[in-house]
Amino acid sequence: MIEKTLKTTAGKIQVRIPTLLDELTLGQMMAMQEKHYLDDLDAISILSGIPKDELHSVKNFEDFLTFGDYVSSLANQIRYLYNNDSIPNKVTFTINGQKTAVNVIRNLSVEPAGAFLAARDIIADEINEHINLYGEEDWQEHFQPSLKACCQVLAQYFFCRVTNKKYDEYEAEAFGGEVKKLRVTEALPIARHFFTCYPNLLKQRIGFLPRLRLQWRKRQVSRRLKSSNILTP
């Protein structure tokens, strides 16, 4: 981290930004990715958590030059982020000042059924969208899940295990706010693992109840045909 006190028209502000990829959170990375155009002040605002309007009040723009090299270095490190396959064995969440460490189990199917089904659908939709845009040939070699989808999958995966609450679809989705606080070097490898482990999800999904109804219809048709054959002289 680098920290500097800057003079503003109203006084002073402390600007503190990460200098290493390991200090960058998933939420910060998502915020930078969502910007269609990212200028220097946008980057400093996202990385420091200080609103851009407040940065506009800094008296001397050259004060920001101190952060320029670090922002550029961070941008270069981000390029190689997707090549990091080192999955942590444990991650720590800090909620309302209380730290909760949870083991990383590399299997979605051990989670509550609701969480598994929701994560499975997120993964399948993301893979299908990629294939629709770029084609199915060698899709796995070029596929990179969006940070938004990664955050959604991890929210489903971690919600019950961190909170010890009963699974709730809406609360699990809202837990994405806590997932964004994870270091991106922790969060992304875990999420990417789940995406690469479930390539079969690109196939058409037919749930248990639709399959059951389909089988019931087939039996009904079969019975009508048999009845028709019996009545036919």
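The values are calculated or read from the model by the stated rules, or taken from the named source; none is laboratory data. Since the structure is predicted, the reported quantities are computational estimates derived from the model, not experimental observations. Note that we place each Cβ from the backbone using ideal geometry, even for glycine, and neighbour counts take in every protein chain shown. These accessible areas exclude ligands, DNA and RNA; they are computed on the full protein's heavy atoms, side chains included. Shrake-Rupley method; radii C 1.70, N 1.55, O 1.52, S 1.80 Å.
If you wrap segment 64-140 in the convex hull of its Cα atoms and look at it from every side, the mean projected area works out to 9.4 nm². The calculated FRET efficiency for the pair residue 41 and residue 133, based on their C-beta separation and a Förster distance of 35 Å, comes to about 0.60. Computed from the Cβ-Cβ distance with R0 of 41 Å, the FRET efficiency linking residue 63 to residue 96 stands at 0.75.
When the pairs 12/35; 52/181; 52/166; 7/148 are compared against a 31 Å limit on Cα-Cα distance, 52/166; 7/148 fall above it.
Ranked by the mean number of other Cβ atoms within 10 Å of their residues, highest first, the peptides 148-157, 40-49 fall in the order 148-157, 40-49. Report the full-extension gain for the segment residue 75 to residue 3: residue separation times 0.36 nm, less the Cα-Cα distance, to one decimal in nm. This chain segment gains 24.1 nm when fully extended.
Taking a straight Cα-Cα cut-off under 13 Å and skipping sequence neighbours fewer than 8 places away in the same chain, the aspartates and glutamates within cross-link reach of residue 4 are 62, 63. Between residue 89 and residue 13, the simple label model (points 7 Å from Cα in the Cβ direction) yields a spacing of 4.3 nm. Taking all protein chains into account, the per residue accessible area for segment 135-183 stands at 58 Å² (1.4 Å probe).
Please give me the summed charge of the neighbours of residue 97: other residues whose Cβ is under 15 Å from its Cβ, Lys and Arg +1, Asp and Glu -1. Don't skip to the answer; put the middle values down first.
Working: positive: 99, 181; negative: 178.
Surrounding charge for residue 97 is +1.
For segment 53-142, what is the relative contact order in percent, using Cα pairs closer than 8 Å and at least 6 residues apart in sequence?
Values: 24 pairs, mean separation 10.4, N = 90.
In percent, rounded to a whole number, it is 12.
Taking K and R as +1 and D and E as -1, what net charge do the other residues with C-beta under 9 Å from the C-beta of residue 4 add up to?
Working: positive: 16; negative: 3, 63.
Every neighbour counted, the sum reads -1.
Sorted by accessible area (1.4 Å probe), largest first, how do 71, 162 line up? Before the final figure, lay out each step's value.
Numbers: 71 35, 162 15 Å².
Ranked list, largest accessible area first: 71, 162.
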